[in-house]
Amino acid sequence: MGLTFLYSIGVAIVAALLIMPLTLPKEKRKGIVAGIIGSAVVLAIIVFAFYYVTNIDRNPSALWPLAILATGIGTFSTTGKEQRVKGVLFLAAIVFGGYMLSAVLFNADEKFESAKMKQEVEIEAFDETETPASVPPKFARNKMKKAFGQVPNTSYYELGNLQIQKVNDEYVYIAPVEFSGFFKWLNGDTTPGYFTMSATNSSDNPKFIKEEMTYTPSSFFQKNVARHLRLEMPEKIFNGAMQLEIDDEGKSHYIRTFGEFVSARNGFEVTGVAVVEPQTGDIKAYALNEVPPFIDGAVSPEAVSLQNSYFGNYIHGYLNSKFSKKDVRLPTDEGIEANVSPVFNENGAMFYFTDFTSPKEGVDSMLGYSLTDARTGEATYFTGNMDESYMDSQGALQIIEKKFIEKKWSGEMPILYNFYGEASWLTPVLDANGFLQNYFIVSAANPEISTFANTPNKALKLYKTALQRGGSSVDGSSNAEEAKVSGTVERVYKERVGEFTIVSFLLTDGTNYLVSSEISPLVVYLEVGDKVTVTYLNTGELFLPVKELSITELD
């Protein structure tokens, strides 16, 4: 804080010299020094209060409004040569201020280049043997609130911001316990710990982890973690809120993304992350390529949301984004953190998911979707199959709303997956009180194909059958390997659905298979005792999806 105060004094002295007339007749010079000192004192207090309250970076470029004000007053309060000199400074300050204000009109191309993504067609298929991180944050937050009795001196505290991360190879929600007000902070001094809960198992109960923290977002003055970070790193450009990250030993760390302006004081590009120890206040800064392994979200969701906006809006410049909107694709606002949703890939790395839609009102067609690496900031834009029109996340939520209109249930956190080679939306469904009711899966290309169940895996198994009923095929786009087996049929179950028949059969070796008559028309004649040769996908499920079926007796 001392350095900020000295910086404020320096700024105030320069501003006072610009404001006060320095060349006056002899009879009027007596008050010059007193006037400069008085002005400097008042300005120093104002400038320090500005920096302390706003927590803004301490870069000279932030002072352009003060420069215009000080040189303007100085120009009109002086005469002669001094007026001409200060007049030139006043014009320069106005020009610089105009540049700062108009940067948004001229740096759109730079923003687009900074946010440019590599492009691919489709994401790899989801591994059916794994469970997506699919517990909605609203539901997790509700459960944590109901478990708040575990917190000592409960009346002092409230639940902080929720975020998802990987801890000891498990996907969990983390939420710090925060002070509920200024006087509670005075009495409590430190917060008692944080809650953790599974992000994949909705039946998991929240656990309270005791760990006292002094520097927190809800503390005040120098103990406020964001202000403490600013005072120690006054020139850094931060973006996004402070977030709590837990290492594999359960120790807490507050992190915040920093970077650079694209130009002027406009736009943002990530360069690193600052880490604060909430017990001691110790701070370490890391470049993105040096981030410790336990940090999943080195790049803040707010920064990713900005990058998505640059990429989607500024493909042909700023004016195009406001008027003709040629090739513009708007990131949707259905994400759970700053309009993006954290997801994890098969290797446990966290990405931020966003889908893009048309700027035309009333259109729910998806133009593509992006995945941004939460540790490196590297992003990939997926166009999807250009021969098909995909429904965006808002369309998926509208289907859920209509499906459960009488119960007034709604979807939250829609994520696009590639299930069995079919682009599909997986969305948790909540009731009006925020309690999880089921998981809904709908095809992005064929919205009439949908299903729901009380767990993601059960919904996925039903969805596999729904795909076959709907005329889609489970054709090997999955991560599962293709295999072949021959055997004798022990049991058969047939179900007529629409134009096709879905056949489930059991071989004498105890394995179960599922096939549609669309894939193998002669399967309608399958009987107990038939010898068959089956080509299937080894997904690890109870009923394995069939690609090809040969019935010996009919060949």
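Taking the inverse of the mean 1/r over every pair of distinct Cα atoms in region 105-218 gives a Kirkwood hydrodynamic radius of 16.9 Å. Axis of helix 80-106 versus longest Cα principal axis of the chain: the two differ by about 0°, to the nearest ten degrees. Residues in the chain average 47 Å² of solvent-accessible surface per residue, probe 1.4 Å, ligands and nucleic acids excluded. Relative contact order of the chain, taken over Cα pairs closer than 8 Å and 6 or more residues apart, is 10 percent. Axis angle, to the nearest 10 degrees, between helix 301-313 and the longest C-alpha principal axis of the chain: 80 degrees.
Debye-formula intensities of region 309-454, expressed as log10 I(q)/I(0) at q = 0.10, 0.13, 0.15, 0.18 Å⁻¹, are -0.36, -0.61, -0.80, -1.10 (one equal scatterer per alpha-carbon, no solvent).
Kirkwood analysis of region 377-450, using all unique Cα-Cα pairs, places the hydrodynamic radius at 13.0 Å. From largest to smallest, the equivalent ellipsoid semi-axes obtained for region 167-312 from the alpha-carbon gyration tensor read 26, 21, 14 Å. Over all pairs of different C-alpha atoms in region 361-420, the reciprocal of the mean inverse distance, the Kirkwood hydrodynamic radius, equals 13.6 Å. Label-to-label distance for Ala285 and Lys360 is 4.8 nm, based on points extended 7 Å past Cα in the beta-carbon direction. The share of Cα pairs per 10 Å bin across region 173-256, counted from zero up to the longest distance, runs 17, 43, 31, 9, 1 percent.
Projecting the Cα positions of Val528, Thr552, Gly540 onto the charge dipole of the chain (unit charges on Cβ atoms of Lys, Arg, Asp and Glu, taken about the Cα centre) puts Gly540 furthest along the positive direction. The convex hull around the C-alpha trace of region 1-128, projected and averaged over every direction, spans 13.4 square nanometres. Computing Rg and the Kirkwood Rh from the Cα coordinates of region 1-76 gives a ratio, Rg/Rh, of 1.03. For Leu467, Leu330, Leu6, the ranking by accessible surface with the largest value first comes to Leu6, Leu330, Leu467, using a 1.4 Å probe.
Put Val492, Val275 in order of accessible area, highest first, and with a 1.4 Å probe you get Val492, Val275.
Put simply, the C-alpha atoms of region 34-103 give a gyration tensor, and the ellipsoid matching it has half-axes of 23, 19, 7 Å, longest first. The simple spin-label model puts a point 7 Å past each Cα toward its Cβ; for Thr54 and Asp509 those points are separated by 7.2 nm. Between amide H atoms placed 1.01 Å from N, distances below 5 Å from Ser365 occur with Ser358, Asp392, all of them 5 or more places distant or on a separate chain. Taken over the Cα atoms of region 302-363, the convex hull encloses 99 Å³ per residue. Normalised by 2.2 N^0.38 Å, where N counts its residues, the alpha-carbon radius of gyration of the chain equals 1.25. In summary, region 246-297 shows an alpha-carbon radius of gyration equal to 1.30 times the 2.2 N^0.38 Å reference for compact globular proteins. Largest first, the three principal axis extents of the alpha carbons in region 253-373 are 52, 39, 22 Å in whole numbers.
Here the spin labels are modelled as points 7 Å beyond Cα on the Cα-Cβ line, and at Ser263 and Leu101 they lie 1.9 nm apart. Taking a straight line from the alpha carbon of Lys408, these aspartates and glutamates sit under 16 Å away, with near neighbours fewer than eight places off in the same chain left out: Asp431. Using the beta-carbon distance between Glu406 and Ala453 and R0 = 30 Å, what value does 1/(1 + (r/R0)^6) give for FRET efficiency, to the nearest 0.05? Approximately 0.95, to the nearest 0.05. Put simply, when 410-421, 522-533, 304-315 are sorted by average Cβ atoms within 10 angstrom per residue, most first, you get 304-315, 410-421, 522-533.
With the whole protein complex present, Phe261 retains an accessible surface near 60 Å², based on a 1.4 Å probe.
The convex hull of the Cα atoms of region 53-162, projected and averaged over all directions, covers 15.6 nm².
Cross-link pairs exceeding 24 Å between alpha carbons, from the set Lys184/Lys223; Lys143/Lys407; Lys146/Lys184; Lys166/Lys223: Lys166/Lys223. Between the residues Val172, Pro217, Val275, the greatest Cα displacement towards the positive end of the dipole of the chain, with unit charges on the Cβ of Lys, Arg, Asp and Glu, is found for Pro217. Placing unit charges on each Cβ (+1 for Lys and Arg, -1 for Asp and Glu) gives the chain a dipole about its Cα centre, and among Gly250, Phe261, Thr508 the Cα reaching farthest toward its positive end belongs to Phe261. Counting only protein chain heavy atoms and rolling a 1.4 Å probe, the accessible areas of Arg329, Arg141, Arg496 rank, largest first, as Arg496, Arg141, Arg329. Counting only the heavy atoms of the protein chains, how much of Ile13 is accessible to a 1.4 Å probe, in Å² to the nearest 10? Accessible area of Ile13: about 80 Å².
The values are calculated or read from the model by the stated rules, or taken from the named source; none is laboratory data. None of the values given here were measured: they were computed from a predicted structure. Here the Cβ is made from the backbone with ideal geometry for all residues, glycine too, and neighbour counts use every protein chain on show. Calculation scope for accessible area: heavy atoms of the full protein, side chains included, ligands and nucleic acids excluded. Shrake-Rupley method; radii C 1.70, N 1.55, O 1.52, S 1.80 Å.
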